[in-house]
Structures are given as C-alpha cells and as structure tokens.
Amino acid sequence: MSKIRAVIFDCYSTLIDIKTNEHKDEIFYYLSMFLEYYGLSLTPEQLRTSIEQEKKRIVKQKKERYPEVDLELVFRAILRKEGSDDHHVAESCCKLLRVFSIDQLQLFPDSVPVLRQMKDSGYPLAIVSDAQKAFCIDEIKSLGIAHFFDHFVISSSFGFAKPDLRLFAIACSLLGIEPYETAYIGDNPVKDVKGPKKIGIRSILLNRSNETLRTDVEPDFIASDLWEAWRWIKENS
C-alpha cells in the first residue's frame, strides 16, 4: 500500500467544535431590521419563508444527487425580488444569519497541536467542508488555523456536497497528490467515508464521543481524537 503523503480534513465537528441553531426567531427579526436600513421591507416571517422557498427552488433546479445551496445566492435572489441587486448586502445577510445562529464556536483542544505537528512534518494539508463560502474561511481564519492549510474546498462554491467524490478529487488535484497517497479525517460516518473511499483516499472516521457508528462503507481507521488519527497516519507514511 502506498504511503500517505497528504492529509485532508473535514472542518466542523472535526477541527472546530460548533453548535448552531438556524431556527431562532430573533435571527429573522434582526435580519428584517437590517434590511430596513436599505429600504427593503420584509417581515421576519416573510424572510424566513422566502429563504426556505428559494433553497428548495435552487435544489430542484440543480438536479444533483447531493445538492448544496449557496446561501449568498439565496439572499441575492430574495433581494432582487425586492428591487435590490446589492451583492454586499446579500453577503452581509449570510454573515449576520450565521453570527445570530451560533451558540458555540471554538477549536477542539487537539486541533492546533496536531495540525502543527503535521505541518512541521511536511504534510500538505487541505480542508473539504460542507459549508458556506460567505463565512467558513472567515471562521477558520478567526480561530487562527487558516495558515496550516494549502487549500480550502467549500461545498457551496461548487453546488454539490459530501459524499460527492468530486469534492475530494478537487482537493487531491489542488494538492498535487494522488488519492491513494492521501488520508481524509472527518466525523460523519456517511459523508466522510463513502466519498473518499470511492476514489481511493484512506478514510479516518473521528468518533470523539465513542458512540456506535453505522456506515455502509467501512473506514480505514476509527480514531477517538486527532492524536490517534495522527499516529495512524505516521504508521502508514
């Protein structure tokens, strides 16, 4: 078996410990107030409904097996119906929705030390995340880990989500490393195993809670934390 020469990470619940609630009433109340500054009159309930309807429309239009919606495009479509085509306002709405929805956003204790050791050992690193480009990389930067990574592959930029194997193939191409020389670390037993394995990437399933995980595709290794994942990578490099 070929040696591992590069590592790709999932982001949320793998490196970043996050809790969000996008259904809070206050999110739509404050977004509605924000839009009033730009002369746009949408009640909180109208805004909530418009967002959900536009998401469904985009998903139906895409016809992807694992569709991903770009939230910025959702807001741009809503704003256009109200007579505005201000891209800055649409992007700001994405960021505000995110800020209002976050209950917790912090790194896991093992994230920085493991990333540092990998980087110091010469491994090219990338992120493949089901996330929104409007705020994902900003959050990674704000938490101080962006400099560890050579590339970021964010699903909303492509219109399809994990486990679509194309996201993992794009990351390998950007890194200039063959899939069979790459390891992927993620916490979801479906999204973070099926896609990587399909193109020959070795999949490490992160199970921080030591729960019983069900997946129709077996990962190459199950780790209870990033230190275990890192030790396995070194043994296979």
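Residues in the range 152-184 that are over 22 Å from ARG98 (Cβ atoms) and not hydrophobic (A, V, I, L, M, F, W, C): PRO163, ASP164, ARG166, SER173, GLY176, GLU178, PRO179, TYR180, GLU181, THR182, TYR184. Given the structure, is PRO179 over 22 Å from PRO113 (Cβ atoms) and in contact (Cβ under 8 Å) with a residue 24 or more places away in the chain? Answer is no for this residue. Restricting attention to the range 63-79, the residues that are farther than 16 Å from LEU97 by Cβ, surrounded by fewer than 20 Cβ atoms within 10 Å (Cβ to Cβ) and within 19 Å of the chain's Cα centre (by Cα) total 4. Counting the residues of the range 83-141 that are part of a loop (DSSP other than H, G, I, E, B) and either small (Gly, Ala, Ser) or buried (at least 16 other Cβ atoms within 10 Å of the Cβ) (or both) gives 14. Residue pairs whose Cβ atoms lie under 7 Å apart, separated by 6 or more positions or on different chains, with the first residue in the range 120-144 and more than 15 Å from SER157 (Cα to Cα) and the second of a type in the set (S, T, N, Q) and at pLDDT 95 or above, do not occur. If you go through the range 1-28 and keep only what is open to solvent by 10 Å² or more (accessible area, probe 1.4 Å), outside any loop (DSSP other than H, G, I, E, B) and either closer than 25 Å to VAL153 by Cβ or not charged (D, E, K, R) (or both), you end up with TYR12, ASP17, ILE18, LYS19, THR20, PHE28. Total residues in the range 107-142 satisfying the condition of being more than 23 Å from SER203 (Cβ to Cβ) and within 15 Å of the chain's Cα centre (by Cα): the figure is 8.
In this structure, is GLU64 among the acidic types (Asp, Glu), in a loop (DSSP other than H, G, I, E, B) and in contact (Cβ under 8 Å) with a residue 12 or more places away in the chain? Before you say what the answer is, go through the steps one by one.
Numbers: among the acidic types (Asp, Glu): yes; in a loop (DSSP other than H, G, I, E, B): yes; in contact (Cβ under 8 Å) with a residue 12 or more places away in the chain: yes.
For GLU64, the condition - among the acidic types (Asp, Glu), in a loop (DSSP other than H, G, I, E, B) and in contact (Cβ under 8 Å) with a residue 12 or more places away in the chain - is met.
Mind listing whichever residues of the range 33-60 are hydroxyl-bearing (Ser, Thr, Tyr) and either surrounded by 11 or more Cβ atoms within 10 Å (Cβ to Cβ) or touching a strand residue (DSSP E or B) at 6+ places or on another chain (Cβ under 9 Å) (or both)?
TYR38, THR43, THR49, SER50
Restricting attention to the range 61-99, the residues that are charged (D, E, K, R) and under 24 Å from PHE168 (Cα atoms) add up to 7. Here the range 45-58 is the region considered, the condition is being within 22 Å of the chain's Cα centre (by Cα) and among the aliphatic types (A, V, I, L, M), and the residue that is modelled with the highest pLDDT is ILE51. Cβ-Cβ distances below 6 Å connect the following pairs, each with a first residue in the range 17-29 that is at negative phi, a second residue that is surrounded by 15 or more Cβ atoms within 10 Å (Cβ to Cβ) and part of a loop (DSSP other than H, G, I, E, B), and a separation of six or more residues or different chains: ASP17/PHE108. Across the range 92-101, not a single residue is classified as among the polar types (S, T, N, Q) and without any contact (Cβ under 8 Å) to a residue 40 or more places away in the chain.
When residues in the range 1-38 are screened for being within 17 Å of CYS94 (Cβ to Cβ), among the aliphatic types (A, V, I, L, M) and out of contact with any Cys (no Cβ under 8 Å at 6 or more places or on another chain), 3 of them pass.
Going through LEU42, LEU35, LEU31 one at a time, which residue ends up being over 24 Å from the mean Cα position of the chain (by Cα), part of a helix (DSSP H, G or I), more than 28 Å from ILE127 (Cα to Cα) and aliphatic (A, V, I, L, M)? LEU35 is the lone residue from the list that is over 24 Å from the mean Cα position of the chain (by Cα), part of a helix (DSSP H, G or I), more than 28 Å from ILE127 (Cα to Cα) and aliphatic (A, V, I, L, M).
The values are calculated or read from the model by the stated rules, or taken from the named source; none is laboratory data. Everything numeric here is computed off the predicted structure, so don't read it as measured data. Neighbour counts run over all protein chains shown; Cβ positions are idealised from the backbone, glycine included. The protein model used for the area step is the full one, side chains on, heavy atoms only, and it has no ligands, DNA or RNA in it. Shrake-Rupley method; radii C 1.70, N 1.55, O 1.52, S 1.80 Å.
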